[in-house]
Amino acid sequence: MLRAAGHEVESVADWPRDPGDQDVLAHAHRNVQVLVTLDKDFGELAVVRRQPHAGIVRLVGISATAQGTVAVTVIEKYEQELSEGAVITFEPGRVRVRPRE
């Protein structure tokens, strides 16, 4: 869905091995990529540990079949905030936007 919407996509699942959350977030930052995840650990790395990033979208309680559509919607609606390093959590009925501190 993200590719079909014109977004460049790189999936950790396609990598030879998972290098761990810190390295995944650092890779996304180096390549100016918004990280889309289901894992709350990336938000902790960004907010608590202040690890640099290029924006994070966390999806909570979204069915696997809807994740692509929701990710596209969030990325497009919050493009400005993400470009400024926001951490956005989307769950049914609620969106939280945490600007970079």
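Okay, here's what the table says:
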{"quantity": "The stretch 45-90 - convex hull of alpha carbons, volume per residue in Å³", "calculated": "68 Å³"}
{"quantity": "Pairwise FRET efficiency - E101 versus V9, Cβ, R0 = 30 Å, nearest 0.05", "calculated": "0.60"}
{"quantity": "The chain - percent relative contact order, Cα under 8 Å, separation 6 or more", "calculated": "24 percent"}
{"quantity": "For the stretch 12-98, average projected area of the Cα convex hull in nm²", "calculated": "5.6 nm²"}
{"quantity": "Helix-only mean residue ellipticity at 222 nm for the chain, each DSSP H run of n ≥ 4 adding -39500 (n - 2.57), per residue, nearest 500", "calculated": "-9000 deg cm²/dmol"}
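Read-outs throughout are calculated quantities, based only on the coordinates presented, and are distinct from any laboratory measurement. Worth saying up front: this structure is predicted, and the values here are computed from it rather than measured. We place every Cβ from the backbone using ideal geometry, glycine too, and count neighbours over all the protein chains shown.
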